[in-house]
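The values are calculated or read from the model by the stated rules, or taken from the named source; none is laboratory data. The model shown is predicted, which means the values in this text are computed figures rather than measured ones. Because the Cβ atoms are built from the backbone with ideal geometry, glycine has one as well, and the counts that use them run over all protein chains shown. Just so you know, the surface numbers come from the protein's heavy atoms only, side chains and all, with ligands and any DNA or RNA stripped out. Shrake-Rupley method; radii C 1.70, N 1.55, O 1.52, S 1.80 Å.
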Amino acid sequence: MAVDGISRYALHVVHDWFNGCDCLHLLLRYNWSASLNWAFNSVNKSIDSNQTVIVRTPGYFNNLTSILSGANTSTLENYALWQLVYQYLPNLDQRFLTAYTDYSAVVGLSVQPQRYTTCIGVAQTIMPMALARPYADYVLPTGTKGNVSEMSSSIIAAFKTQVSTFDWLEEQTKSLCIAKADAIDRMVAYPNYIFNDTYLSILYNWVRWDNAPTAVNAYYDSNFNQFVFLEGIMNVPVFDVGWPK
């Protein structure tokens, strides 16, 4: 069912445009119009049959449809129940945790994590910005955020310079590339409001920052034209404020 790594990242492979949910239904043999409308109902949006749909991994859905069409109902129900229990396993009592530990030992999966690891994970999920505050205060070296901001500016400047030298691009395309580079939204380390105790007591920003700042990650999000450098990755061995940019 899985799609190989090259296919997942090759844009000419993973992006398929469908003119309407009905066409998507014919390909994947599933009533996507009903599912999409149910999902968007809470925000008072509707998807009609002529809506253009982009599927990033059509190969995956084709493989999934083939598997589902050949499976019996009982198997699918048992799998759905197992996934439900597995998802909420960390929140269940010790009986379930012990059963999962025994299961993991049989199939060779990792053992049950220590309690403090689970607690930190829960705190990071529920209160990511509040947890980012002590990390920024006591772990992140002084000047790191400014250093990475300067580094990201250098990356953007180098990209613009490189684009201007491409003789295989039309001038209009070059201008659009440079305009997009100038419009890149940079999310570096953490939002400054984590140092505002009043703000943290009232609201956590779940929209602007999709990731907990303490996560060890850095990436470019093409869908939102964003550079994201989270504070969790701004430490040795990946980064140090004193290293060359």
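The C-beta contact set for the range 52-69 (first residue in contact (Cβ under 8 Å) with a residue 24 or more places away in the chain, second residue among the aliphatic types (A, V, I, L, M) and exposed (fewer than 14 other Cβ atoms within 10 Å of the Cβ), distance under 9 angstrom, 6+ apart or interchain) comprises Tyr60/Met1; Tyr60/Ala2; Asn63/Met1; Asn63/Ala2; Leu64/Met1; Ile67/Met1. Among the residues of the range 187-237 satisfying the criterion of being charged (D, E, K, R) and assigned to a loop (DSSP other than H, G, I, E, B), which is modelled with the highest pLDDT? Top of the filtered list is Asp210. For the range 114-137, name all the residues that are in a helix (DSSP H, G or I) and closer than 13 Å to Ile194 by Cβ. If the condition is that a residue be in a helix (DSSP H, G or I) and closer than 13 Å to Ile194 by Cβ, then Pro128, Met129, Ala130, Leu131, Ala132, Arg133, Pro134, Tyr135, Ala136, Asp137 are the ones that fit. Checked against the criterion of being open to solvent by less than 40 Å² (accessible area, probe 1.4 Å), touching a helix residue (DSSP H, G or I) at 6+ places or on another chain (Cβ under 8 Å), assigned to a loop (DSSP other than H, G, I, E, B) and of a type outside the set (Val, Ile, Thr), the range 148-168 contains not a single residue that satisfies it. Counting only residues that are open to solvent by 50 Å² or more (accessible area, probe 1.4 Å) and at pLDDT below 75, the range 50-61 holds 6 of them.
Scanning the range 169-186 for residues that are outside any helix (DSSP H, G or I) and open to solvent by 60 Å² or more (accessible area, probe 1.4 Å), we see that the one that is nearest to Asn211 (Cα to Cα) is Arg186. The residues of the range 159-194 that are under 27 Å from Leu131 (Cβ atoms) and aromatic (Phe, Trp, Tyr), listed by number, are Tyr190, Tyr193. Only one entry in Ser33, Ser66, Ser46 is among the small types (Gly, Ala, Ser), open to solvent by 90 Å² or more (accessible area, probe 1.4 Å) and modelled with pLDDT of 70 or more, namely Ser46.
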